[in-house]
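Participant: Please find one structure pasted underneath; my questions will follow.
Values quoted throughout were computed directly from the atomic coordinates according to the rules given, and no laboratory measurement underlies them. On a predicted model such as this, the values are computed, not experimentally measured, just so you know. Methodologically, a virtual Cβ is constructed for each residue, glycine included, from the backbone with ideal geometry; neighbour enumeration extends over all protein chains shown.
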Amino acid sequence: MNYTVYIDDNYHYMDQCYRSKLGSFECYADAVRCCEGILERNLQEHYENGMGAEELVMRYRMFGEDPFIVPPDEAQPMFSAWSWVSANAAGFITRRAREAAKKAAEE
């Protein structure tokens, strides 16, 4: 069974011309980890110092990549990039603030 990961471009919402196929994975968990890595990178790319979670989520939804998984059957749960970003943006910002504080303390 293969789980195929595709990436849409939120800036070109619903325009399949901007869709790309990333690859196929033998297990769902590997496909999810791939999607999460893409989203973590997107948060890093769109984050600016002082930005709140809500603003980061909105920026992602306007300009980020939207990975999704096509399962081999309909019984698999759907992976939602938007839900993942909404659930993880605040934690991402907290980690960034801790990293910045640690770096400042070391200087």
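Participant: For an R0 of 35 angstrom, estimate the FRET efficiency from the Cβ-Cβ distance between TYR28 and GLU54 and round to the nearest 0.05. Before the final figure, lay out each step's value.
Facilitator: Details: r = 30 Å, r/R0 = 0.85.
Here the calculated transfer efficiency is 0.70.
Participant: Mind sorting ILE69, ILE7 by how few other Cβ atoms lie within 10 Å of their own Cβ, fewest first? Don't skip to the answer; put the middle values down first.
Facilitator: On the way: ILE69 21, ILE7 18.
With the sparsest Cβ surroundings first, the list reads ILE7, ILE69.
Participant: Compute the helix-to-body angle for 81-106: its Cα long axis versus the longest principal axis of the chain, expressed 0 to 90° and rounded to tens.
Facilitator: Taking the Cα atoms of the chain, the angle to 81-106 is about 30 degrees.
Participant: Restrict the search to the stretch 1-97; then list the GluC sites (Glu not before Pro) that DSSP places in a loop and that have at most 16 other Cβ atoms within 10 Å of their Cβ.
Facilitator: Details: sites: GLU26, GLU36, GLU40, GLU45, GLU48, GLU54, GLU55, GLU65, GLU74; in loops: GLU26, GLU48, GLU74.
Answer by residue number: GLU26, GLU48, GLU74.
Participant: To make sure I understand, if each residue's beta carbon is the centre and we count other beta carbons within 10 Å, what order do MET78, MET51 fall in, fewest to most?
Facilitator: On the way: MET78 9, MET51 15.
With the fewest neighbours first, MET78, MET51 line up as MET78, MET51.
Participant: Another one. Using each residue's phi in the stretch 44-54, evaluate 6.51 cos²θ - 1.76 cosθ + 1.60 at θ = phi - 60° and report the 3J(HN,Hα) Karplus result to the nearest Hz, with x for Gly and Pro.
Facilitator: 4, 5, 9, 6, 10, 3, x, 6, x, 4, 4
Participant: Ok, one more. Skipping prolines and chain starts, which residues have an amide H placed within reach, meaning under 5 Å, of the one on PHE79, given they are 5 or more residues away or on another chain?
Facilitator: Under 5 Å from the amide H of PHE79 lie the amide H atoms of ILE69, each far enough along the sequence or on another chain.
Participant: What net charge is computed for the residues neighbouring GLY52, neighbours being all others with C-beta under 13 Å from the C-beta of GLY52, Lys and Arg scored +1, Asp and Glu -1? Intermediate values should be presented prior to the final figure.
Facilitator: On the way: positive: ARG59, ARG96; negative: GLU48, GLU54, GLU55.
For residues surrounding GLY52, the net value is -1.
Participant: Hey, can you grab everything whose amide H is under 5 Å from the amide H of PHE25? Only 5+ residues off in sequence or another chain; H modelled, so Pro and N-termini drop out.
Facilitator: Those lying under 5 Å, H to H, from PHE25 are TYR3, THR4, VAL5.
Participant: Using unit Cβ charges (K, R positive; D, E negative) and no other charged atoms, how large, in debye to the nearest 20, is the dipole of the stretch 3-106 about its Cα centre?
Facilitator: For this selection, approximately 420 debye.
Participant: In deg cm²/dmol, rounded to 500, what helix-only [θ] at 222 nm does the chain give when every DSSP H run of at least 4 residues adds -39500 (n - 2.57) and the total is split over its residues?
Facilitator: Details: 3 runs with 56 residues, N = 107.
It lands at -18000 deg cm²/dmol.
Participant: Report which label in (i) 71; (ii) 64; (iii) 52 holds the value of percent of Cα pairs over 18 Å apart derived from the coordinates of this structure.
Facilitator: (iii)
Participant: Given the C-alpha centroids of the stretch 1-22 and the stretch 49-94, what is the distance between them in whole angstrom?
Facilitator: Value for the Cα centre distance between the two parts: 14 Å.
Participant: What full-extension length gain, to one decimal in nm, is calculated for THR94 and GLU106 as 0.36 nm per residue of separation minus the Cα-Cα distance?
Facilitator: Numbers: separation 12, 0.36 × 12 = 4.32 nm, distance 1.85 nm.
Contour length minus Cα-Cα distance gives 2.5 nm.
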